Each structure stands twice: as structure tokens, then as C-alpha cells.
Amino acid sequence: MEHYNMNLNLKVWRQRNTQAKGSFETYQVKNISSEMSFLEMIDVLNEELIAEGKDPIAFDHDCREGICGMCSLYIDGRPHGPWEQNTTCQLHMRAYKDGDTITIEPWRAGAFPVLKDLMVDRSAFDRIIQAGGFISVNTGNAVDANALPIEKDKADASFAAAACIGCGACVAACKNSSAMLFTSAKVTQLALLPQGAPERKSRALNMIAQMDKEGFGACTNTGACEAVCPKGISLTNIARLNQEYLGAALTAN
Amino acid sequence: MTWKQAFTSSIGKKLVMGLTGLFLIVFLIVHVGINACIFADLNVAVWPFDPSDDGAIFNRAAHFMGSTILIRILEVGLFAGIILHIVQGLMLEASNRSKRTQGYAVPLAGRGSKWYSRAMGLLGTLIMIFLILHLAHFWVKARITGSDDMPEVAGMHDMFNLMKVTFSELWVVIVYVLACISLAYHLLHGFQSAFRTLGVHNNKWMTIVQSVGVGYSIIVPLLFALMPIAMYLGWVG
Ligand code: HEM
Ligand code: SF4
Ligand code: FES
């Protein structure tokens, strides 16, 4: 891939804090290398803003290698930008050409309030996990890893669900701001394994109760979440969560 | 977990949508089957059609539905199911919309989801408006007010004639056809969605659900749409 430089126009959402009314600001960035990542491009702009004595654009990021789930950004109408199964930190500027205008917005959902500019508060996801996305293990000697036989297909499906990095793109894309794809991944990864079996019912019930309490919408199976998920989490997990939940709801005391 | 919680959580509400939706799907099979009896009168003299039938078979089927106690009891369940589906559907739609107060400047439009999966509330509302007209056209006249267009023939209401008169007006035919198109799209998403909501996730079964869903969503609304068209154009009656 040949290297080139480009000048770009950015329309970026700026908002001082959760209460403030935000608006779009337009910026020009010059000489951006096609080898840069999208976040590095914003770093360049922020350096300039700081040099001019202005407030840099706040955005979330951590690992910058597509595994932590901290980066977000709704870029030109798509969470994590134009590439398939990709995080914003792994989006590279070769996706753009000289003179392009890029609109950058934060995740939009009542359950994800904007903290500042492009940063949103995703602690609702943490509370859903805290409600049941774990297994309880008593202390003592570690159990032999091979003591519990696990069917290969199930282990694979569980692992695929465990790939969810909790970024929230599914919520950002969903017309109902539903967190079902995330929650279904977190339920599935445990429900398919024998270690997850003892708390199976309470897990599904408590995580959904928390999800509803956080103000996410109900799933209508449109599939937008699956299409934007950087980790390819499958919609099938949502149907599995429905089964887990309904089974528990109809039989639990 | 109380019963109330089980049916009022986000998944519980969807369960109600899915169950009532599937109930309506079953009802429509009966409905389309009975009404398709009008085609017995089709103007081609090839078995099973008989141009001299003049709606006799259809009128008998309609009479059976109206005069059988078990069917009349099921009719009460049907009204309850429709009302539950409509009220729950509109409330869910409103609640889901309220979860994002500030929208995007650039909409996600089209990516990853079909337009009709996002338009279930709108499509449902169109069907609901049609239903009001439809009940006024037939149910109210057959069960409550009676109508000059529906004389007694051999001790039975001539529903066939009522259909003929109703569908002699072009605007009625157009409204019915549009409603059938709305229904087709509502079901194209709704049929498979209902099974997902009920927790079906086995690939093998989902393939069947999806194929049957597409087949149902095309065939049933198409048959319904052909009824006003056939009567208006004089293919039957
Ligand atoms: C005879 C007519 C109808 C049939 C056969 C039908 C069938 C269905 C089915 C199978 C579903 C899927 C349920 C699920 O996803 O769990 C559904 C969903 C829905 N229906 Fe209907 N429906 C009908 C009429 C209506 C009417 C009159 C309205 C509203 C005014 C309506 C509004 C909705 C809504 C809002 C949903 C939820 C959207 C979704 O799940 O994606 N429907 N319907
Ligand atoms: S399911 Fe996909 S889009 Fe949703 S939080 Fe997990 S990784 Fe992100
Ligand atoms: S910054 Fe860690 S996934 Fe993007």
C-alpha cells in the first residue's frame, strides 16, 4: 500500500460536560499520513489545539491494539468507522483520501451519558457484569484443568462470545439503544461451560434486571449490533440469552 | 422472580409480543383459508373451480365460523390477543425510542438492518388503521348491525355479496392491497423475530423458521390481496 499524505476536514462533537449543551466544531488537519491510525490523527490535532492554548478533544482509548474496548467514536454514521469488524484504534487513515470531511460523534444512548466531547460513561456495562457476569469459586487448591470435560463446539462458541470487549458499539448502533448483544455475549460465555452452570438462572435474571434498570431498550432483532460489532459477536447469542432468561424466569422461585 | 417481573422485563415484554404475534399468524392461516373459498367461484371451468358456485362454499364456511360456539369463544381470545399485541407493541416502540434522547447527526441508516425491521411500529400502525376499516366493513355488519348488502340466502348471511359490494370501490381495493403489503413486511421481520424472542437459536431450526417465514410472509398477504383484486376485476362473483 503506497504511502500518501492528506488534508482533512473534521466535524467533531464538543461538549464541556454531561450537563452542557454540545455542538459540532469544524477543524482542518493537514499532512496526515495514510499510515497513521485514526486516533493518532486526533492526537496530531490535539497537539495543535494545545499549542494554540485551546482545550484538546477528549476521547477514550487505552490499548490501541483492538483488545481493551476503551476506544469508541461514531464516525460518519458508523460506530468504529467504515471498516468491518474493526475498532477505532485499529482504523487507519488509508481509509480516507485527501479533502475528505469526517464527522465524529460520541456514542448516543441515554444509558451512556456524554462525560466530555467524545467520551461517554459506560459504567452501566460494568454494573451489568457485576450483577451476574461471573462464576463464584471457593478458595482452596486449583482444580485440575482437565477434570471437567467440555465439548469442543461449546468451548469454541463460548470463546467466540468471550471475544466481546465491552466497547458499546452495539448499543450505539441499535435503534432501541439495547444492550442485548453485549449482555448475551457475557451470559453465553459462561452458560456454555460447566463452570457457569451453578449460577445459570440467577445470572440471566440478574443481568437482565440490571440491564433494564440502566435504561437500555428492548431488543427487536434488527441486527444492526451484529453488523457493527468489532468482534463479530453473533446475533444468535441474543436468542440464546432469551432462552436462558425465559427458562429461568418461568422456573425460578 | 414473580410472574409480573417475568412478563414485564424487557425480554418478558418481547415474549408477549412474540406469543401474541405467533397467535395472530396462526389465526391468519385460518382466515386466509376460509376466505380463499371465494376462489371456488373463479371464472374457469377447471376443477376445483365452479363459476356457478356464486360464493356458496364461502358463505357456508363463514356461516360455520359465525355459528359455532367454540369459534366464537376463540374470537374473544383473538380480540384480546390483537389488543394486547397492539398496546404492547406501541408501548414498546415508544419506550425504545425514549432511550436515545439525543440522536446522531449522521444516521446509521441501512447498515446491518433491514428497513422493515426498523419500521415494525409504523407497519403495525398501518395494519391497525386498516383493521379498524376492515372490522367496520365486515365484522360489525355481520355480527352487529346487519346490512342490505348481505341478504339471507338459505338461512345464511350472503357474505360473498357483501364482499362484492365492498370491493366494487377502487379506493377500498387500494387500501386493502396496501395493508397486505404492510402485513407482508411486518411478518418478513416478525415471523423469524418471534422465534428468536422465544429463544430458538439452533442453526438448523432457524434455517427452517426463516424459510417458512419468508414463504408465509409472501403467500398469505398475496392471497389476501388477490381477494379484493379478483372481486373488483370480476374474476369471481
Ligand atoms: C394481524 C396482524 C399482525 C400480525 C400477524 C403480527 C405479528 C407480529 C410478530 C410475529 C411480531 C414479532 C414478535 C417478536 O419479535 O417477538 C410482531 C412484532 C410487532 N408487532 Fe405485530 N403483528 C400484527 C399486527 C400488528 C399491529 C396492528 C401492530 C401495532 C399497531 C403491531 C406492532 C408490532 C410491533 C411494534 C412489534 C415489535 C417489533 C419487533 O419485534 O421487531 N403488529 N408482530
Ligand atoms: S458485543 Fe461487540 S459491539 Fe457490543 S460491546 Fe461487545 S464487542 Fe462491543
Ligand atoms: S483502544 Fe483498546 S480496543 Fe481500541
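Odds and ends about this structure:
- A count restricted to segment A:198-243 and to residues that are within 16 Å of ligand 2 (Cβ to nearest atom), outside any loop (DSSP other than H, G, I, E, B) and among the acidic types (Asp, Glu) stands at 1.
- Taken as a whole, the structure places A:Lys97 among residues that are open to solvent by 40 Å² or more (accessible area, probe 1.4 Å), part of a loop (DSSP other than H, G, I, E, B), touching a residue at least 12 places away in the same chain (Cβ under 8 Å) and of a type outside the set (Asp, Glu).
- Scanning segment A:175-214 for residues that are without any contact (Cβ under 8 Å) to a residue 60 or more places away in the chain, of a type in the set (Gly, Ala, Ser) and touching a strand residue (DSSP E or B) at 6+ places or on another chain (Cβ under 6 Å) yields a single hit, A:Ser178.
- Residue in segment B:143-155 that is open to solvent by less than 30 Å² (accessible area, probe 1.4 Å) and in a helix (DSSP H, G or I) present: no
Here's the yes/no breakdown for (1) farther than 30 Å from A:Ala147 by Cβ; (2) more than 10 Å from chain B (Cβ to nearest Cβ); (3) open to solvent by 30 Å² or more (accessible area, probe 1.4 Å); (4) modelled with pLDDT of 95 or more:
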{"residue": "A:Ala172", "(1), (2), (3), (4)": "yes, no, no, yes"}
{"residue": "A:Ser177", "(1), (2), (3), (4)": "yes, no, no, yes"}
{"residue": "A:Leu181", "(1), (2), (3), (4)": "yes, yes, no, yes"}
{"residue": "A:Met211", "(1), (2), (3), (4)": "yes, no, no, yes"}
{"residue": "A:Ala224", "(1), (2), (3), (4)": "yes, no, no, yes"}
{"residue": "A:Lys231", "(1), (2), (3), (4)": "no, yes, yes, yes"}
{"residue": "A:Arg240", "(1), (2), (3), (4)": "no, no, yes, yes"}
{"residue": "A:Asn253", "(1), (2), (3), (4)": "yes, no, yes, no"}
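- Of residues in segment A:183-209 being open to solvent by 10 Å² or more (accessible area, probe 1.4 Å) and within 13 Å of chain B (Cβ to nearest Cβ), the one farthest from A:Ala145 (Cα to Cα): A:Ala209
- Sub-7 Å Cβ pairs linking a first residue in segment A:224-251 that is within 23 Å of A:Gly77 (Cβ to Cβ) to a second residue that is within 16 Å of ligand 3 (Cβ to nearest atom) and of a type in the set (D, E, K, R), at least 6 apart or interchain, are A:Val228/A:Arg78, ordered by first then second residue.
- Residue selected from segment B:62-100 under the condition in contact with a strand residue (DSSP E or B) (Cβ under 8 Å, 6 or more places away or on another chain), away from chain A (no Cβ under 14 Å) and small (Gly, Ala, Ser), by the criterion surrounded by the most Cβ atoms within 10 Å (Cβ to Cβ): B:Ala62
- Test for A:Ala249: is it under 24 Å from B:Gln5 (Cα atoms) and either outside any loop (DSSP other than H, G, I, E, B) or within 9 Å of chain B (Cβ to nearest Cβ) (or both): yes
- Going through (1) modelled with pLDDT of 95 or more; (2) within 14 Å of chain A (Cβ to nearest Cβ) one by one, B:Asn203 falls short only on (1).
- In segment B:1-35, the residue that is nearest to the chain's Cα centre (by Cα) out of those that are more than 9 Å from ligand 1 (Cβ to nearest atom) and among the aromatic types (Phe, Trp, Tyr) is B:Phe7.
- From B:Ser117, B:Ser113, residue being more than 30 Å from B:Thr68 (Cβ to Cβ), open to solvent by less than 50 Å² (accessible area, probe 1.4 Å), assigned to a helix (DSSP H, G or I) and within 16 Å of ligand 1 (Cβ to nearest atom): B:Ser117
- If you check A:Ser123, A:Ser158, A:Ser72 for being open to solvent by less than 20 Å² (accessible area, probe 1.4 Å), within 18 Å of the chain's Cα centre (by Cα) and polar (S, T, N, Q), only one passes: A:Ser72.
- Residue check, B:Leu183 surrounded by fewer than 19 Cβ atoms within 10 Å (Cβ to Cβ) and at pLDDT 95 or above: no
The values are calculated or read from the model by the stated rules, or taken from the named source; none is laboratory data. The model shown is predicted, which means the values in this text are computed figures rather than measured ones. Please note: Cβ atoms are built from the backbone with ideal geometry, for glycine as well, and neighbour counts cover all protein chains shown. Ligands, DNA and RNA are stripped out before the accessible areas are found, and what is left, the full protein with its side chains, is counted by its heavy atoms. Shrake-Rupley method; radii C 1.70, N 1.55, O 1.52, S 1.80 Å.
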